[in-house]
Amino acid sequence: MGALGRLVQLLPGVWVARARQYATLTTVLLDGAGGAVVVDPAWDPDELAAIPADLAALGVRCVAGVATHEHYDHVLWHPGLGEAPRWTSDRTADRLATDRDAILAPAAEFLTPDLLAVAGRLRPLPGATLPWAGPEARVIEHDAHAPGHIALVLDAASVILC
């Protein structure tokens, strides 16, 4: 799947790509109907650019994005993923609405202008479960790492993303 050898399947429907920076993971959840939810896409411009190609190699399209918390390295995006809704917690969405430039300031050192323009454009999740065609994914808000941090719990797959 591209020169980075990126996505690795952990479980059916759960794929990850490890970024060079801090071993951060991009997680891709497949809904079983040709869609994918991209969680915390990271990091460098070439790695972000690889995500749409990774999805194409899997034969799926991005139907949504999720940022687990407000830190700049978790609110990134790539235009090639399209105009899919991008969700986060209410508190994270509020923080980005009021302090987006400050939150993204560290990313300005390595992101290209087009990537910086789409970073941090998130809205609150509309409920207590992820609205997608895949198995139920409960949304749990907590403050363990950052205010308004969320975890996605997929009970059927015994998976928690946090």
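The values are calculated or read from the model by the stated rules, or taken from the named source; none is laboratory data. None of the values given here were measured: they were computed from a predicted structure. Cβ placement follows ideal geometry from the backbone for every residue including glycine, while neighbour counts extend to all protein chains displayed. Please note that ligands, DNA and RNA were not included when accessible areas were found on the heavy atoms of the full protein model with its side chains. Shrake-Rupley method; radii C 1.70, N 1.55, O 1.52, S 1.80 Å.
The translational diffusion coefficient of region 4-88, from Stokes-Einstein at 20 °C and 1.002 mPa s with a Kirkwood hydrodynamic radius over alpha carbon pairs, comes to 171 µm²/s. Applied to region 25-32, the Karplus parametrisation 6.51 cos²θ - 1.76 cosθ + 1.60 on θ = phi - 60° returns per-residue 3J(HN,Hα) values of 10, 8, 10, 10, 9, 8, 8, x Hz, with x for Gly and Pro. The Rg/Rh ratio of the chain, with Rg taken over Cα atoms and Rh as the Kirkwood radius over Cα pairs, comes to 0.93.
Taking the accessible area of the chain, probe 1.4 Å, and keeping the other protein chains in place, the carbon and sulfur fraction comes to 56%.
Spin-label model, VAL16 to ALA33: label points 7 Å out along the Cα-to-beta-carbon direction sit 2.7 nm apart. The amide H of ARG86, built 1.01 Å from its N in the peptide plane, has GLY65, ARG123 as neighbours under 5 Å, considering only residues 5 or more places off or on other chains.
With every protein chain kept in place and ligands, DNA and RNA left out, what is the accessible area per residue of the chain? Probe 1.4 Å, answer in Å². Write out the running numbers ahead of the final one.
On the way: 7450 Å² over 162 residues.
Result: 46 Å² per residue.
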